[in-house]
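Read the figures in this text as sums done on the coordinates, not as results from a lab. Computed from a prediction, not measured in an experiment: that's the story for all the values here. Here the Cβ positions follow ideal geometry from the backbone for every residue, glycine too, while neighbour counts run over all protein chains shown.
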Amino acid sequence: MEHHSLCCTVGIEELSSTGNVLKKATHPKVTVVLGRDEFKELQIQIDFPKKHSRYSVKEILIHKKFVKDGKATIKLPAHKIHLMLSNCPPDRLAFFLRTLQVKLDCLKQKGFVSQRAKLLSGKTQEFDEISPLTLKDLQTAHGRQEAQAARKSSTAPFKPSSLATSSSQPTPSMTGLKENRKRPICSQPVTTHGQVNENEAKRQKRAAMMKMTSVNGVSPSRIVVKQLQLTSEQNRVIETVKRGRSIFFTGSAGTGKSFLLKRIIGALPPNHTFATASTGAAACHIGGTTLHSFAGIGSGGGSVNQCIELASRARVAQQWRACHHLIIDEISMVDADLFEKLENVARVIRKSDQPFGGIQLILCGDFLQLPPVTKPGEKRRFCFQSEAWHKTVDTTMHLTEVKRQDDPHFIDILQKIRKGLCPEPVANALLATSKHCIDKEGVLATKLCTHKADVDEINKTELKQLECESKLFASMDSDQVYTSQLNFLCPVPAYLELKVGAQVMLCKNLDIQRGLVNGARGVVVGYEKSNNGYPIIKFVCGVTEPIKPERWIFRVGGGNTIVRKQIPLKLAWAISIHKSQGMTLDCVEISLGRVFEVGQAYVALSRAKSLAGLRVLDFERSCVRADPTVLGFYSRLELKHRMMHNGVEDDNEIFRPNPPTFSAKSGIKR
């Protein structure tokens with residue numbers, strides 16, 4: 001049902017013939033359904049509590065600039081109606097609009113039934129929900145768009161002045177940043193060492209798919225296009241979230257926890273969903289804010305009554321009351337005391353005796369990675385040790401399919417390190433990496449350091465040693481009042497100083513298919529010759545291209561948003577282990593001599609994409625440690641899993657194992 005319906009807020013504007021708004025009404029919590037009438041033509045139906053309205057669809061204009069915020073406008077010129085959708089689950093909205101557009105293109109290709117034929121048919125009115133989007137639909141829509149483009153180019157008047165700018169190589173003034181990323185100029189190679197142009201190969205593969213008459217013997221009309229490509233583990237987590245259960249899902253590094261969180265955020269209504277994390281870096285990865293900023297209780301060090309008083313401020317309380325779904329990433333760094341205070345605050349502010357005031361909790365993290373920060377001599381208590389945890393968390397699930405690494409030997413090493421085990425074969429394998437030469441074509445290995453002070457010193461010293469002129473790039477912040485908060489939340493600095501030869505790291509996913517992902521390593525090889533002079537980066541993945549400013553948007557107290565626009569790069573001779581969480585590094589050098597925390601060695605080692613791209617210095621087996629309390633927690637979860645499979649199931653927690661690998665040849669459900 002997800003492909004053809006939306007539950008959201010709908011604003012309906014009725015227009016005059018001159019375009020003026022005659023009537024406007026907003027309807028919260030209504031359902032918008034895409035279907036067909038008795039003549040198989042498209043209709044949009046809006047289901048109100050006591051009635052419904054239907055609009056035939058022959059021509060539409062869709063404004064989807066704010067789809068990521070769960071907003072879009074559908075204009076129906078024939079009816080002089082604007083449908084303004086808001087508070088939609090973003091991913092579901094995007095797929096709904098795509099289905100609407102593709103199905104309409106297919107209908108236009110087939111042709112509409114004339115009004116006379118409809119009047120003479122004598123058919124009774126019908127409304128059937130639209131069929132799922134198929135590969136055949138995509139092929140039909142693609143063919144129609146290509147035909148339209150061909151007709152347009154053949155009928156376009158000859159203009160000598162525009163001929164140069166309409167060639168196969170677009171100019172910067174004509175092509176937006178997003179287009180440049182997704183469709184790079186083909187004259188510039190994007191691979192090295194004689195490798196095939198991967199991006200071009202993928203485009204050719206997509207084009208070939210649009211011409212397929214069958215896939216493994218299955219007709220394109222029977223191949224359903226899915227909204228999201230998720231593993232069976234990830235699908236089970238999302239289904240549990242949609243059922244409204246509070247959930248904790250865990251997994252080792254690289255199992256796609258942050259990716260899944262983003263998909264969960266996209267499946268929930270944005271007005272009532274608050275994405276938070278225990279650290280600024282983790283919050284930035286999922287496009288959220290810090291847990292402390294959302295809660296409005298300062299550092300959380302005060303008493304419960306003091307926290308309640310701080311959270312009772314009008315803007316903060318309004319945020320608590322609006323929250324139906326609270327997402328907390330890196331839950332391992334939230335201690336039991338803070339978790340219990342938050343649970344008390346939620347119940348008092350929301351005036352509800354239900355656990356966490358009736359808010360659905362979606363918790364994510366790995367307790368075998370970084371633990372809560374404690375003061376010297378202070379006893380550490382993980383949040384799973386709190387009474388509030390047992391009252392609120394209904395379900396626990398475990399992701400086990402590692403996505404970051406593909407070498408089974410390296411994965412096995414990391415799994416042992418995660419549990420605090422370092423047998424001799426593992427130690428020998430890591431010691432052998434000290435001789436690895438992992439520098440590639442001017443891109444040096446990033447040093448992972450345990451202390452932030454070491455990171456700053458290394459990056460400043462290395463930049464200073466480059467004997468060439470530096471260039472400074474200043475950020476554009478939406479509000480100077482929030483500059484310090486932006487500096488804390490945003491992975492890029494307010495002022496970025498670069499030189500040719502500077503080692504840099506990408507701080508945002510730009511084009512996953514081409515390897516331009518958060519953590520991708522590169523080196524500055526020059527600057528654009530335009531007025532902006534954006535830096536040209538040569539990446540380890542083979543891509544060489546200018547990097548232009550990107551936006552980071554954060555939600556702060558009171559529901560306000562703050563924005564920073566900056567080049568998505570930072571110096572990368574060194575970074576801290578804490579800041580590396582969530583990153584995948586191509587080439588990394590790790591010094592473990594000053595490891596001071598349990599799980600720290602595992603977090604550092606698991607950033608590496610492969611054993612070949614890893615160099616470990618100062619390694620001693622004593623630096624590999626795991627907290628006994630956490631090991632006990634995971635052992636109990638494993639025991640619950642065994643009990644479940646033996647017919648004894650705990651009502652409060654369910655531990656999900658790794659399911660059998662889906663091995664259908666085509667990967668397509670029939």
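For the pairs Lys71/Lys262; Lys65/Lys548; Lys40/Lys64; Lys471/Lys565; Lys65/Lys262, note any where the Cα-Cα span goes beyond 23 Å.
As for pairs spanning more than 23 Å Cα to Cα, those are Lys40/Lys64.
Let's test the formula: R0 of 41 Å, r as the Cβ-Cβ distance of Lys23 and Gln513. What FRET efficiency results, to the nearest 0.05?
With R0 = 41 Å, the Cβ-Cβ based efficiency is 0.35.
Loop-only chymotrypsin sites (Phe, Trp or Tyr not before Pro) in segment 21-118, please: DSSP not H, G, I, E or B, and at most 15 other Cβ atoms within 10 Å.
Phe39, Phe66, Phe112
Give a quick list of trypsin sites (Lys or Arg not before Pro) in segment 341-390 that DSSP marks as loop, anything other than H, G, I, E or B, with at most 12 other Cβ atoms within 10 Å.
Loop-located and lightly packed - Lys351, Lys379.
Less than 13 Å apart at the alpha-carbon level, and either on another chain or at least 8 residues along: which aspartates and glutamates does that give for Lys391?
The qualifying aspartates and glutamates are Glu340, Glu343, Asp353, Asp651, Glu653.
Compute the label zone of Lys471 within segment 429-450: residues whose backbone N is under 19 Å from the point 7 Å along Cα-to-Cβ.
The answer is 443.
Explain nothing, just compute: Karplus ³J(HN,Hα) = 6.51 cos²θ - 1.76 cosθ + 1.60, θ = phi - 60°, for every residue of segment 449-460 in order, whole Hz, x for Gly and Pro.
Per residue, the Karplus-derived 3J(HN,Hα) values read 10, 7, 10, 4, 4, 5, 4, 4, 5, 5, 5, 5 Hz.
Would you compute the Debye intensity of segment 402-510 from its alpha-carbon atoms alone, equal scatterers and no solvent, and pass along log10 I(q)/I(0) at q = 0.12, 0.20, 0.22 Å⁻¹ to two decimals?
Values, matching the q order: -0.70, -1.23, -1.32.
How big is the shadow of the Cα convex hull of segment 232-399, averaged over all directions, in nm²?
Over all viewing directions, segment 232-399 projects a mean Cα-hull area of 9.2 nm².
Taking a ≥ b ≥ c as the square roots of the Cα gyration tensor eigenvalues, with a/c under 1.5 meaning rounded and otherwise prolate when a/b beats b/c, else oblate, which class fits segment 1-45?
oblate
Rounded to the nearest 0.05, what FRET efficiency do Glu424 and Ser299 have when you use their Cβ-Cβ distance and R0 = 56 Å?
Between Glu424 and Ser299 the formula returns 0.80.
In segment 1-46, which GluC sites (Glu not before Pro) are in a loop and have at most 15 other Cβ atoms within 10 Å, using DSSP for the loop call?
Here the sparse-neighbourhood loop sites are Glu38.
For each of Met505, Met84, count neighbouring Cβ atoms within 10 Å of the residue's Cβ, then give the residues from fewest to most.
Ascending Cβ contact count within 10 Å gives the list Met84, Met505.
Which value, in debye to the nearest 20, gives the size of the charge dipole of segment 408-623 about its Cα centre, when Lys and Arg are +1 and Asp and Glu are -1 at the Cβ?
400
Computed over the Cα atoms of segment 408-623, what is the convex hull's projected area averaged over all directions, in nm²?
For the Cα atoms of segment 408-623, the hull's average projected area reads 13.6 nm².
Please find the FRET efficiency linking Thr124 to Asp618, where r is the Cβ-Cβ separation and R0 is fixed at 56 Å, and quote it to the nearest 0.05.
Taking R0 as 56 Å, the efficiency between Thr124 and Asp618 is 0.10.
What is the Cα convex hull volume of segment 554-616 when expressed per residue in Å³?
Looking at segment 554-616, the number lands at 126 Å³ per residue.
If you average the C-alpha positions of segment 44-67 and of segment 487-546 separately, how far apart do those two centres end up, in angstrom?
Spelled out, the Cα-based centre of one part sits 42 Å from the other.
Among DSSP beta bridges lying fully in segment 232-399, give the percent that are antiparallel, nearest 5.
5
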